[in-house]
């Protein structure tokens, strides 16, 4: 048998396999995607916050994929509808998560839009959720004797915590909170 003929045959088989198994399904899926109602792309600050989310490993404890309402209490908790591929448009890598030690964050921006709540929760989670096992992230904050103009101050005194210095959110903390607040997934109108 001629080596050239075998080589050409192998290349043709590989090319046809690639076309049948990769290219055709890819374009078939693209035709099926509903390009209406695609969630807006994250703002620049939210994209930086997403990088902080990834850096801190939040995905190891929080998922972003609620179950269909027939398969569990996610829907009753307000965690959002069962996601579709378009809900993750423009996110790479996707932060779906594999387990839930903490609540699902798919719709946290609608469930809890409060800037102060998120900042205090990052600084000391047990102040706002006493049973939380989430670790604190105090390194995302700075203590200052005199806050500067534009600083976002944590209102810890409202929670009964007295500090000698003022606790101020860093830019990384603010970016992370903007990302969390932009995680808003409206309910699908045809949801049963």
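The values are calculated or read from the model by the stated rules, or taken from the named source; none is laboratory data. Given the structure is predicted, the values throughout are model-derived calculations rather than measurements. Counting neighbours? That spans all protein chains shown, and the Cβs are built from the backbone with ideal geometry, glycine included.
Observations, loosely collected:
- Matching residues, the stretch 129-153, being assigned to a helix (DSSP H, G or I) and either touching a strand residue (DSSP E or B) at 6+ places or on another chain (Cβ under 8 Å) or without any contact (Cβ under 8 Å) to a residue 12 or more places away in the chain (or both): 139, 140
- Selected residue [without any contact (Cβ under 8 Å) to a residue 12 or more places away in the chain, under 19 Å from the mean Cα position of the chain (by Cα) and loosely packed, with under 12 Cβ neighbours inside 10 Å] from 112, 92: 92
- The conditions of being assigned to a helix (DSSP H, G or I) and either modelled with pLDDT under 90 or not assigned by TED's automatic domain parsing to the domain that holds residue 71 (or both) are not met by residue 102.
- Criterion: at pLDDT below 85 and in contact with a strand residue (DSSP E or B) (Cβ under 9 Å, 6 or more places away or on another chain) - qualifying residue of 156, 122: 156
- Residue 87 touching a residue at least 12 places away in the same chain (Cβ under 8 Å), in contact with a helix residue (DSSP H, G or I) (Cβ under 8 Å, 6 or more places away or on another chain) and part of a helix (DSSP H, G or I): no
- Counting the residues of the stretch 66-83 that are touching a residue at least 40 places away in the same chain (Cβ under 8 Å) and either in a loop (DSSP other than H, G, I, E, B) or in contact with a strand residue (DSSP E or B) (Cβ under 7 Å, 6 or more places away or on another chain) (or both) gives 4.
- Here residue 63 meets the list (1) assigned to a loop (DSSP other than H, G, I, E, B); (2) surrounded by fewer than 17 Cβ atoms within 10 Å (Cβ to Cβ) almost entirely, failing just condition (2).
- Residue 173, sole failed condition from (1) touching a residue at least 24 places away in the same chain (Cβ under 8 Å); (2) assigned to a loop (DSSP other than H, G, I, E, B); (3) touching a helix residue (DSSP H, G or I) at 6+ places or on another chain (Cβ under 9 Å): (2)
- Checked against the criterion of being farther than 30 Å from residue 29 by Cβ, within 20 Å of the chain's Cα centre (by Cα) and surrounded by fewer than 15 Cβ atoms within 10 Å (Cβ to Cβ), the candidates 145, 101 yield just one match: 101.
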